[in-house]
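**Q** My questions all concern the structure below.
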Amino acid sequence: MTNLGSLGWVSDQAGYRYQATHPVTGLPWPAIPQALLDIWAAVSGYAPLPQACLVNLYQQGAKMGLHRDENEEDRDAPVVSISLGDSAIFRLGGPERSGPTTSLKLTSGDVVVLGGSSRHFYHGIDRVLAGSSSLVQGGGRINLTMRVVRRPG
Ligand SMILES: O=C(O)CCC(=O)C(=O)O
Ligand SMILES: [Mn+2]
């Protein structure tokens, strides 16, 4: 939906990529707020700060298919994501698409770290439990995903 940070994840007719500016306004993305950087510092175990924070709004039946986060140059940095609003059923697999998976319920305020061996595990959102939270106006779930995209230094 939108991004925070020096790089944002963009998907349009030209494909998908990280870029420093909003594709419509041409403006830089807003900075990642300190409160989110503090969460990164507390849970990531990774000193370099995230360059990208993807902001995704899940509304009315939205889901996210099983995938790996594979578009970052820095393949060692963990991915940290924060769930807000309606609960969601998160599916976590392993390194192979066809491998076994487990599912867990993420509720508002939960933080998931895909790091170490799980950094490149398959994962996705099976469904959002509509009405399980009143945090997001109009209902839904907001997921904030922080990533180090370029190798620091
Ligand atoms: O919404 C979530 O909890 C997962 C988001 C995700 O995997 C992604 O944006 O790559
Ligand atoms: Mn992902």
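The values are calculated or read from the model by the stated rules, or taken from the named source; none is laboratory data. Keep in mind it's a predicted model, so treat the numbers as computed, not measured. All Cβ positions, even for glycine, are placed from backbone atoms using ideal geometry, and neighbour counts span all protein chains on display.
**Q** All but one of (1) out of contact with any His (no Cβ under 8 Å at 6 or more places or on another chain); (2) under 27 Å from ARG127 (Cα atoms); (3) at pLDDT 95 or above; (4) among the aliphatic types (A, V, I, L, M) hold for LEU92, so report the exception by its number.
**A** In the conditions (1) out of contact with any His (no Cβ under 8 Å at 6 or more places or on another chain); (2) under 27 Å from ARG127 (Cα atoms); (3) at pLDDT 95 or above; (4) among the aliphatic types (A, V, I, L, M), LEU92 misses (1) alone.
**Q** Hey, can you tell me all the residues within the stretch 112-153 that are away from ligand 2 (no atom under 14 Å from the Cβ), part of a strand (DSSP E or B) and either among the charged types (D, E, K, R) or closer than 25 Å to GLN19 by Cα (or both)?
**A** Within the stretch 112-153, ARG127, ARG141, ILE142 meet the criteria.
**Q** Enumerate the pairs (first residue in the stretch 23-44 and closer than 24 Å to ARG75 by Cα; second residue anywhere and small (Gly, Ala, Ser)) with beta-carbon separation below 6 Å, excluding pairs fewer than 6 apart on the same chain, so at least 6 apart or on different chains.
**A** Every condition considered, the pairs that remain are TRP29/GLY5; TRP29/GLY8; ILE32/GLY5.
**Q** List the number of the failed condition for GLY61; all other conditions in (1) closer than 17 Å to ILE125 by Cβ; (2) of a type outside the set (A, V, I, L, M); (3) within 13 Å of ligand 2 (Cβ to nearest atom) hold.
**A** Of (1) closer than 17 Å to ILE125 by Cβ; (2) of a type outside the set (A, V, I, L, M); (3) within 13 Å of ligand 2 (Cβ to nearest atom), only one is false for GLY61: (3).
**Q** Does the stretch 94-105 contain at least one residue that is closer than 23 Å to ALA41 by Cα and within 12 Å of ligand 1 (Cβ to nearest atom)? Write out each step before concluding.
**A** Going residue by residue through the stretch 94-105, those that are closer than 23 Å to ALA41 by Cα are none.
So far as the stretch 94-105 goes, no, none of its residues is closer than 23 Å to ALA41 by Cα and within 12 Å of ligand 1 (Cβ to nearest atom).
**Q** At least 1 residues that are surrounded by fewer than 12 Cβ atoms within 10 Å (Cβ to Cβ) in each: list the strands (runs of 3 or more DSSP E) lying fully within the stretch 1-100 that qualify.
**A** Details: elements: 2-5, 8-12, 15-19, 52-58, 64-67, 79-85, 88-92.
Output list reads 8-12, 15-19, 64-67.
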